[in-house]
1. Could you pull out the residue among F21, F5, F38 that is on the phi < 0 side of the Ramachandran plot and in contact with a Pro (Cβ under 8 Å, 6 or more places away or on another chain)?
2. Quick check on A43: is it out of contact with any helix residue (DSSP H, G or I) (no Cβ under 8 Å at 6 or more places or on another chain) and at pLDDT 95 or above?
3. I'm trying to understand the selection: among the residues of region 55-79, which are closer than 30 Å to L17 by Cα and open to solvent by 70 Å² or more (accessible area, probe 1.4 Å)?
4. Specify the residue that is nearest to the chain's Cα centre (by Cα); the eligible residues are those in region 1-46 that are open to solvent by less than 60 Å² (accessible area, probe 1.4 Å) and in contact (Cβ under 8 Å) with a residue 40 or more places away in the chain.
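The values are calculated or read from the model by the stated rules, or taken from the named source; none is laboratory data. Every value quoted in this text rests on a predicted model; they were computed, and no experiment measured them. Every residue, glycine as well, gets a Cβ built from its backbone with ideal geometry; the counts of neighbours run over all protein chains shown. Side chains are part of the model used for accessible areas, which takes the heavy atoms of the whole protein and leaves out ligands, DNA and RNA. Shrake-Rupley method; radii C 1.70, N 1.55, O 1.52, S 1.80 Å.
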Amino acid sequence: MAIRFPSERRDAVIAALQNYFETELDEPIGDLKATLLFEFLLAEIGPSVYNQAIADAQAWMQERVTDLDVNLYAPESTGKSTTG
């Protein structure tokens, strides 16, 4: 599955990469290098991050489903009357 970004989000991430290189590494990089780095990271790391996010969401949902049993369970009648 290919991970796709809207162009405005993609541009913001590329600008963030350029800013990181400039401020943290004192090494400015141009648009082409930043774009190639973004595409590399997206291809190499993106699927792992995506899969972890899905696993986290599944675990969260499973906890909520389990809570349904605990919080919403209503005991059923045994058929025996408790009145006199």
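1. Values: F5 fails: in contact with a Pro (Cβ under 8 Å, 6 or more places away or on another chain); F38 fails: in contact with a Pro (Cβ under 8 Å, 6 or more places away or on another chain).
Only one candidate qualifies: F21.
2. Details: out of contact with any helix residue (DSSP H, G or I) (no Cβ under 8 Å at 6 or more places or on another chain): yes; at pLDDT 95 or above: no.
The answer is no for A43.
3. Going residue by residue through region 55-79, those that are closer than 30 Å to L17 by Cα are 55-57.
If the condition is that a residue be closer than 30 Å to L17 by Cα and open to solvent by 70 Å² or more (accessible area, probe 1.4 Å), then D56 is the only one that fits.
4. That would be G46.
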